[in-house]
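One structure below.
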Amino acid sequence: MPRKSTAQVDTDQIKDQVFSDLQSLIEESEKLLSQSATLVGEEAETLRGQISTKLREARDAASSLRDKAQPAVEATQEYIGGHPWQTVAVSAGFGLVVGLLLGRRY
């Protein structure tokens, strides 16, 4: 079984961390929204400020993911551009294996 490269492991860790952060931000935002139903006046302003902060954090997390993933994207594009026939061969092989596996099931 092929091992993952360090870049792939780093990318997976970054992706998992950002998705975890986004999930917790979404859950916190949902809690704040459910609490907002009974609030008026200054309490409502405070709640809107909290929601705004959480949304800004989510936006920053998404931006961070994009910035951290960019080197992996560029490396992939460079490899594919430098080795087009290898990429075609691997893709064809993968398609053949998937086709054979699906053909056996039906």
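The values are calculated or read from the model by the stated rules, or taken from the named source; none is laboratory data. In this text, all values refer to a predicted model and were calculated from it rather than measured experimentally. Cβ placement follows ideal geometry from the backbone for every residue including glycine, while neighbour counts extend to all protein chains displayed.
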Checklist entry - Quick one: how many residues across region 41-71 are touching a helix residue (DSSP H, G or I) at 6+ places or on another chain (Cβ under 8 Å) and not in a helix (DSSP H, G or I)? => result 0
Next on the checklist: For a quick check of your reading of the model, give me the residue pairs whose first member lies in region 1-22 and is over 16 Å from E57 (Cα atoms), whose second is modelled with pLDDT under 70 and part of a loop (DSSP other than H, G, I, E, B), with beta-carbon atoms closer than 8 Å and at least 6 apart or on different chains.
Outcome noted: D12/K4
Item to check | Any chance A7 is of a type in the set (G, A, S), modelled with pLDDT of 75 or more and out of contact with any strand residue (DSSP E or B) (no Cβ under 6 Å at 6 or more places or on another chain) | outcome: no
Next on the checklist: Take the conditions at pLDDT below 85, over 24 Å from the mean Cα position of the chain (by Cα), within 30 Å of V18 (Cβ to Cβ) and not basic (K, R) and apply them to G82. Does it pass?
Outcome noted: yes
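Does T76 satisfy being among the polar types (S, T, N, Q) and either in contact with a strand residue (DSSP E or B) (Cβ under 7 Å, 6 or more places away or on another chain) or at pLDDT below 80 (or both)? Working first, answer last.
Numbers: among the polar types (S, T, N, Q): yes; either in contact with a strand residue (DSSP E or B) (Cβ under 7 Å, 6 or more places away or on another chain) or at pLDDT below 80 (or both): yes.
So T76 passes the test.
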